[in-house]
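As structure tokens, the structure follows; a few thoughts come after it.
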Amino acid sequence: MFEVKVGFLGFGNVGTGAYRIIRDNGSSITKSEGINLKVEKILVRNSKKKREVEIDQSLITDNIDDIINNPDISIVAEFMGGVEPAKQYILSCLKNKKTVVTANKELIARHWPELQKAAEENGVGLYYEASVAGGIPVIKVIGESLQANNIKEIMGIINGTTNYIFTKMSEEGRDFGDVLKEAQELGYAEPDPTSDIEGFDAMYKLSIMASMAFHSRVSIDNIYREGITKISVDDIVYGRELGYTIKLLGIAKRTNDKVEVRVHPTFIPLDHPLASIRDSFNAVFIKGDAVGNIMLYGRGAGDLPTGSAIVSDIITAWKNRDRHTGINFYNDGDGKPNYSFNNDWETEFFIRLTVKDKPGVLAKIAGLFGKYDVSIASVIQKDRLKGVAPLIFVTHPAKEQSVMKAIADIECESDVIKVENVIRVER
Ligand SMILES: NC(=O)c1ccc[n+]([C@@H]2O[C@H](COP(=O)([O-])OP(=O)(O)OC[C@H]3O[C@@H](n4cnc5c(N)ncnc54)[C@H](OP(=O)(O)O)[C@@H]3O)[C@@H](O)[C@H]2O)c1
């Protein structure tokens, strides 16, 4: 039986979860894997702070050197968050021949080539299962279980906070601001919710998944990103009448040598497998050319679910210790993609307008769509009130840029009071 000494960088939600799993499930891990996991040292910011779990105080340090220069520690698990100093600490660990396991999606998404290069040069591994979708083993599935496939498409609900907000808005008819406030009170949303509600968190995760799936780096700079703050209960109600539910999706598609990657609120049909994913749950839907469609579902965050991914990576890292490889993005390491990015994708669109209630308006707007080759699949005109009427269009598949040009013209049309929202539809 081997004893594997692990250093922790951070001891907040994820660190505490990983610690509890090692404490509580350690003996069954020893039985099944033949290793004894031992947390040797834990770096924190404030070494005096009272911790959620009972812990031998001598494990706690506020000096990174106690981990970097400890020759007994072979694996370091990072869950401090943020780019710096996490990046410098991880690079120092890799240079000191320690394999690194991390939950830090922003760091991996932004600096993967540099970190991977350091791992390779030093003959150690870099693992990041916990960085995408918490407890759902999506990185191992894409990187190991589906390698016989050309992955064509990934669509994921990869941010629990926004899925919780959309679920409450849809099921209880409550406004975005109201639900966000409640989510913050319940601890489901951060005091500063920007990263979640503006789609940054989902963008980091999509960058990692798409890079793995397409065997080349998909930088965050290549991802179109739109948050959920403009979605209203009216959009959701009209969408439902048309047979849709709304989700913040991370979407990555590959056709031949072109890739499109985007994060935005999306209507999907009510019978789509992702439509049933409620509350703060996550799910990732993957299309492979051999396997067909698969979907992974579970907790995308939380101490124990994310800790589960961390401890699994620690065990995998130990098993791979002689091969000295973490799963990587399988590209040549210089970070250059081997395909081009398509920002004029084709999809259906839901367009909600408020217009003057008078004859001929519908025909004028239809004419403006026609000018840009955007064909209309359905139109709903709702209850008129004081001379104004809501008008909702759903297009057939149309090019993004053509629709945006048509919208720009529609906004200038004198009978259009407001373009309330434009929401993409996926099937
Ligand atoms: N929370 C989740 O469910 C979840 C899920 C997936 C991925 N992640 C990722 O996991 C990481 C950690 O998340 P978390 O929720 O566990 O964060 P957290 O609760 O805020 O914990 C952060 C920990 O890191 C320590 N720390 C922060 N900056 C430090 C510094 N400069 N030097 C030393 N220690 C420092 C803190 O020390 P003190 O305790 O002394 O303040 C704390 O123990 C993030 O990258 C996050 O994106 C989180």
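The values are calculated or read from the model by the stated rules, or taken from the named source; none is laboratory data. From a predicted model like this one, the values you see are computed outputs, not experimental measurements. When we count neighbours, we look across all protein chains shown, and the Cβ atoms used for this are built from the backbone with ideal geometry, even at glycine. These accessible areas exclude ligands, DNA and RNA; they are computed on the full protein's heavy atoms, side chains included. Shrake-Rupley method; radii C 1.70, N 1.55, O 1.52, S 1.80 Å.
Residue by residue through segment 346-381, note down the ones that are of a type in the set (Asp, Glu) and either touching a Lys or Arg at 6+ places or on another chain (Cβ under 7 Å) or crowded, with 16+ Cβ neighbours inside 10 Å (or both).
Initially, segment 346-381 is screened for residues of a type in the set (Asp, Glu), giving 346, 348, 357, 373.
Passing the criteria: Glu346, Glu348, Asp357.
Just wondering, is there one or more residues in segment 12-32 that are among the hydrophobic types (A, V, I, L, M, F, W, C), modelled with pLDDT of 95 or more and more than 16 Å from the ligand (Cβ to nearest atom)?
At the first step, the residues of segment 12-32 found to be among the hydrophobic types (A, V, I, L, M, F, W, C) are 14, 18, 21-22, 29.
So of that shortlist, the ones also modelled with pLDDT of 95 or more come out as 14, 18, 21-22, 29.
Filter once more, so that each one left must be more than 16 Å from the ligand (Cβ to nearest atom): 29.
There is at least one residue in segment 12-32 that is among the hydrophobic types (A, V, I, L, M, F, W, C), modelled with pLDDT of 95 or more and more than 16 Å from the ligand (Cβ to nearest atom).
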Hey, can you tell me all the residues within segment 90-105 that are surrounded by 21 or more Cβ atoms within 10 Å (Cβ to Cβ) and either within 17 Å of Asp65 (Cβ to Cβ) or within 12 Å of the ligand (Cβ to nearest atom) (or both)? Ile90, Cys93, Leu94, Lys98, Val100, Val101, Thr102, Ala103, Asn104, Lys105
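Taking into account only those residues within segment 414-427 that are charged (D, E, K, R) and under 13 Å from Ile351 (Cα atoms), which is surrounded by the fewest Cβ atoms within 10 Å (Cβ to Cβ)? Walk me through how you get there before you give the answer.
Let us first name the residues in segment 414-427 that are charged (D, E, K, R), namely 415, 418, 420, 424, 426-427.
Now restrict to residues that are under 13 Å from Ile351 (Cα atoms): 418, 420, 424.
Values: Lys418: 12, Glu420: 17, Arg424: 21.
Across segment 414-427, the extreme among qualifying residues is Lys418.
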Taking segment 218-230, which residues are open to solvent by less than 30 Å² (accessible area, probe 1.4 Å), modelled with pLDDT of 95 or more and more than 23 Å from Asp271 (Cβ to Cβ)? Ile220, Ile223, Gly227
Pick from Lys140, Lys50: which is within 30 Å of Tyr339 (Cβ to Cβ) and basic (Lys, Arg)? Lys140
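Do the conditions hold for Val233, that is, is it among the β-branched types (Val, Ile, Thr) and open to solvent by 20 Å² or more (accessible area, probe 1.4 Å)? Steps first, answer last, please.
Details: among the β-branched types (Val, Ile, Thr): yes; open to solvent by 20 Å² or more (accessible area, probe 1.4 Å): yes.
The answer is yes for Val233.
Hand me the list of strands (runs of 3 or more DSSP E) wholly inside segment 246-329 holding 2 or more residues that are aromatic (Phe, Trp, Tyr). Reasoning before the result, please.
On the way: elements: 258-269, 281-288, 292-299.
Of the strands (runs of 3 or more DSSP E) lying wholly inside segment 246-329, those with at least 2 residues that are aromatic (Phe, Trp, Tyr) span 281-288.
Yes/no per residue for (1) under 12 Å from the mean Cα position of the chain (by Cα); (2) under 28 Å from Trp112 (Cα atoms):
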{"residue": "Gln184", "(1), (2)": "no, no"}
{"residue": "Ala189", "(1), (2)": "no, yes"}
{"residue": "Phe200", "(1), (2)": "yes, yes"}
{"residue": "Met212", "(1), (2)": "no, yes"}
{"residue": "Ile220", "(1), (2)": "yes, yes"}
{"residue": "Glu226", "(1), (2)": "no, yes"}
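Does segment 77-85 include one or more residues that are crowded, with 21+ Cβ neighbours inside 10 Å, at pLDDT 95 or above and small (Gly, Ala, Ser)?
Step one: list which residues in segment 77-85 are crowded, with 21+ Cβ neighbours inside 10 Å, which gives 77-80.
Right, trim to at pLDDT 95 or above and you get 77-80.
Next cut, small (Gly, Ala, Ser) only: 77.
There is at least one residue in segment 77-85 that is crowded, with 21+ Cβ neighbours inside 10 Å, at pLDDT 95 or above and small (Gly, Ala, Ser).
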So in segment 294-311, with the set limited to residues that are surrounded by fewer than 21 Cβ atoms within 10 Å (Cβ to Cβ) and more than 9 Å from the ligand (Cβ to nearest atom), which one is farthest from Gln147 (Cα to Cα)? Leu304
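Could you tell me whether segment 7-25 includes any residue that is in a loop (DSSP other than H, G, I, E, B) and in contact with a Phe, Trp or Tyr (Cβ under 6 Å, 6 or more places away or on another chain)? Can you show your working first?
Going residue by residue through segment 7-25, those that are in a loop (DSSP other than H, G, I, E, B) are 10-12.
In the following step, the residues that additionally are in contact with a Phe, Trp or Tyr (Cβ under 6 Å, 6 or more places away or on another chain) were identified as 10.
Yes, the conditions are met somewhere in segment 7-25.
Look through segment 35-52, keep the residues that are under 18 Å from Ile314 (Cβ atoms) and open to solvent by less than 30 Å² (accessible area, probe 1.4 Å), and return whichever of them is farthest from the ligand (Cβ to nearest atom). Spell out how you get there, then give the answer.
So the first thing to find is which residues in segment 35-52 are under 18 Å from Ile314 (Cβ atoms), and the list is 35-43.
Then drop every residue that is not open to solvent by less than 30 Å² (accessible area, probe 1.4 Å), which leaves 35, 37, 39, 42-43.
Working: Ile35: 24, Leu37: 19, Val39: 13, Ile42: 8, Leu43: 5 Å.
Once the filter is applied, the top-ranked residue is Ile35.
Any residue at all in segment 204-217 that is assigned by TED's automatic domain parsing to the domain that holds Phe267, in a loop (DSSP other than H, G, I, E, B), within 16 Å of His264 (Cβ to Cβ) and open to solvent by less than 20 Å² (accessible area, probe 1.4 Å)?
First, pick out the residues of segment 204-217 that are assigned by TED's automatic domain parsing to the domain that holds Phe267: 204-217.
Narrowing further to those that are in a loop (DSSP other than H, G, I, E, B): 214-217.
This time we only want the ones that are within 16 Å of His264 (Cβ to Cβ), so: none.
No.
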So, in segment 414-427, exactly how many residues are in contact with a strand residue (DSSP E or B) (Cβ under 7 Å, 6 or more places away or on another chain) and either outside any strand (DSSP E or B) or among the aromatic types (Phe, Trp, Tyr) (or both)? 3
Unmet criterion (only one of (1) in contact with a strand residue (DSSP E or B) (Cβ under 6 Å, 6 or more places away or on another chain); (2) within 16 Å of the ligand (Cβ to nearest atom); (3) open to solvent by 40 Å² or more (accessible area, probe 1.4 Å)) for Asp72: (2)
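Applying the selection to segment 382-413, what residues are in a strand (DSSP E or B) and surrounded by 15 or more Cβ atoms within 10 Å (Cβ to Cβ)?
Looking only at segment 382-413, we keep the residues that are in a strand (DSSP E or B), and these are 385, 388-395, 398-399.
Within segment 382-413, Ala389, Pro390, Leu391, Ile392, Phe393, Val394, Thr395, Ala398, Lys399 qualify.
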Pairs, please: C-beta under 9 Å, at least 6 apart or cross-chain, first residue touching a residue at least 24 places away in the same chain (Cβ under 8 Å) and in segment 166-185, second part of a helix (DSSP H, G or I) and of a type in the set (Lys, Arg)? Ser170/Arg240; Arg174/Lys168
